[in-house]
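Throughout, read-outs are computed from the coordinates displayed, never taken from laboratory work. It should be emphasised that the depicted structure is a prediction, and the values quoted were computed from it without experimental measurement. Cβ: placed from backbone, ideal geometry, glycine included. Neighbour counts: every protein chain shown.
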């Protein structure tokens with residue numbers, strides 16, 4: 001089983017497509033029938049050859065074949081792509097859905113991946129098991145009992161332990177926070193304050209949006225102790241989330257997707 005959440009874990013396998021030989025009128029009927037504003041266009045081998053949207057149909061003759069007016073440059077993603085990379089492709093290109101294609105079968109369509117799937121994946125990503133594993137790691141490293149609390153903490157009281165964050169991830173977390181979909185960040189109470197363990201993107205996103213506090217999973221040791229993350233933060237000169245540097249390049253080198261041109 002993959003350690004990452006993949007597109008195939010959340011894509012819709014019952015994708016609705018239209019054949020390249022259909023006419024404008026026939027596609028309009030399909031849009032009305034399925035309440036969709038766009039479709040992947042496929043050939044007789046179920047291979048993606050384009051995309052057709054409602055704007056492409058405007059002022060076109062009803063009998064015109066959609067192969068003449070569809071967009072022939074399409075971004076698709078393979079089913080084994082990490083879901084976060086697929087999300088960045090959407091944000092970078094301003095699109096709401098991606099055909100999922102099998103590169104080994106000449107881009108045969110196997111599903112569709114949408115903004116809704118991203119939201120669903122992030123809601124379901126809240127895993128107490130991840131927090132439990134972090135607690136055990138700290139307990140083993142420092143031979144100390146760690147208790148777990150859920151608590152709202154002021155952003156001004158949070159100390160990051162990570163120097164940089166990338167712009168794509170930051171934008172994704174801002175989107176989630178605005179929609180009320182982001183899970184709590186993980187924080188540990190060290191001698192010098194509240195140190196962020198996991199969730200630097202969310203913390204900085206909350207600061208950028210104007211939040212004053214954030215939900216946290218707070219790890220509380222049974223006695224006062226300075227954890228290594230606090231020493232790391234001090235070494236990096238980090239005192240608040242405002243000190244986190246944004247990598248403007250982001251994942252631009254990774255989010256090429258599959259450019260389908262025919």
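Remark: spin-label model distance residue 179-residue 163 equals 3.3 nm, labels positioned 7 Å along the Cα→Cβ axis.
Which FRET efficiency value, to the nearest 0.05, is calculated for residue 45 and residue 5 with the Förster distance at 45 angstrom and r the Cβ-Cβ distance? Plugging the Cβ-Cβ distance into 1/(1 + (r/R0)^6) gives 0.90. For the chain, the fraction of C-alpha pairs farther apart than 21 angstrom is 66 percent. Helix 128-142 against the longest principal axis of the chain: what's the angle in degrees, Cα atoms only, rounded to the nearest 10? So the helix axis and the longest Cα principal axis differ by about 30 degrees.
Per the helix-only calculation at 222 nm, which mean residue ellipticity applies to the chain, given -39500 (n - 2.57) for every DSSP H run of n ≥ 4 and division by its residues, nearest 500 deg cm²/dmol? Don't skip to the answer; put the middle values down first.
On the way: 9 runs with 86 residues, N = 262.
So the calculated ellipticity at 222 nm is -9500 deg cm²/dmol.
Each of 89, 75 was scored by other Cβ atoms within 10 Å of its Cβ. Arranged with the fewest first, they read 75, 89.
Would you mind getting the Kirkwood hydrodynamic radius of the range 126-247 from its Cα pairs, rounded to one decimal in Å?
Numbers: mean 1/r = 0.0689 Å⁻¹.
Averaging 1/r across every pair of different Cα atoms and inverting gives 14.5 Å.
Please give the per residue volume of the convex hull enclosing the alpha carbon atoms of the range 6-79, rounded to a whole number of Å³. Working shown, then result.
Numbers: hull volume 7.0 nm³, N = 74.
So the per-residue hull volume is 94 Å³.
Residues 8, 72, arranged from fewest to most other Cβ atoms within 10 angstrom of their Cβ, appear as 72, 8.
Put a dot 7 Å past the Cα of residue 96, heading toward its Cβ, do the same for residue 225, and the two dots end up 5.0 nm apart. With the simple model of a label 7 Å out from the Cα in the direction of the Cβ, residue 141 to residue 215 spans 2.6 nm. Kindly state, to the nearest 0.05, the FRET efficiency for residue 248 paired with residue 115, given R0 = 22 Å and r defined as their beta-carbon distance. Given R0 = 22 Å and the Cβ-Cβ separation, E is 0.40.
Tell me, in nm to one decimal, what length is gained between residue 133 and residue 156 on full extension, where the rule is 0.36 nm per residue of separation less the Cα-Cα distance?
5.6 nm
Cβ-to-Cβ counts within 10 Å put 191, 92, 223 in ascending order as 223, 191, 92, the fewest first.
For residue 37 and residue 239, a Förster radius of 41 Å and the Cβ-Cβ distance give a FRET efficiency of 0.30, rounded to the nearest 0.05.
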